[in-house]
Amino acid sequence: MTSGRVSAEPEFEGRLKSDPMEQPGSYGLILGPLVYNDGGAYDCRPKNSTAARVSTAMGEPAILPCAGNIKKQAHHGDLCVQWRRDGKVICKHCNNILACSPELKNRASLSTDHILQGNMSLTIKPTRSSDRGYYQCSYNEEKGNPAIVSLTVTEPLNVMFSTAAGSDEVLVASVKEGSVLFGSRYLRRGSDRVLSNTVVLRSVTLLDSGVYSITENNTGEAIGTVFVQAHVSPQEKWLGSPCW
């Protein structure tokens, strides 16, 4: 779509038209009449624009960059910063007050001092799988830079174990949307939910010492590695002979 004109692929020819929307930076398409093969997921991406890509593991923080030319004499009351995701306003910082949509409650933040310096980056912590999407930043009706930020939240994740780097790996657990499914070797030894971004493993033995790696399930790409050394606490011992 360019300047309100729609160029459609053959399977959509004659069934698409643009939908003017009130919010600046928001765009819509009307598709009809529908056919069975139209079912699926659609996303909107800007063409020939400056974009930034941010990728983080689920549960880790994400910083979405945004910069603008703020006058040196500006005060907090002069600035109104808005963040949109997929065209919908999700956070607004006006009159030194931050208000965010319910899904970001207690998870989103902007630095008031940094805003006056032209840094209007949005921090989301911890991230959820539902946070992925395309974000836009604006201040006092001016577009921020970059024009759009693409956030990818990697999940599901696999936790793998090996006795040493380079040796064969064993699946410890798979994590998806906060739920944990343990591999056969680790059944009934951990919590079925992620606690504080941590997979909990109980009844640890010396055999659990080794390298634990976190990988993205879809690509197999390693996100992080942890070495664990297990210790067995000394057991209580009885000294002397029993009394008869």
Unit Cα scatterers, Debye sum, the stretch 51-154: log10 I(q)/I(0) for q = 0.20, 0.24 Å⁻¹ = -0.97, -1.36
Find how much the distance from residue 228 to residue 52 grows on full extension, using 0.36 nm per residue of separation minus their present alpha carbon separation; answer in nm with one decimal.
-> 59.8 nm
Convex hull (Cα only) mean projected area of the stretch 157-228, reported in nm² to one decimal | 4.7 nm²
Roughly speaking, what is the stretch gain from residue 128 to residue 221, that is 0.36 nm per residue apart minus the C-alpha to C-alpha distance, in nm to one decimal?
-> 31.6 nm
Using a 10 Å cut-off on Cβ atoms, rank the peptides 222-229, 7-14, 127-134 from the highest mean neighbour count down.
-> 127-134, 222-229, 7-14
Eigenvalues of the alpha-carbon gyration tensor of the stretch 111-196, times 5 and square-rooted, give semi-axes in Å, largest first, of 40, 14, 12
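Every read-out reported here was derived from the displayed coordinates using simple, explicitly stated rules and does not represent laboratory data. Note that the coordinates shown come from a computational prediction; the quantities given were computed from them, not determined experimentally. Backbone-built Cβ (ideal geometry, glycine too); neighbour counts: all protein chains shown.
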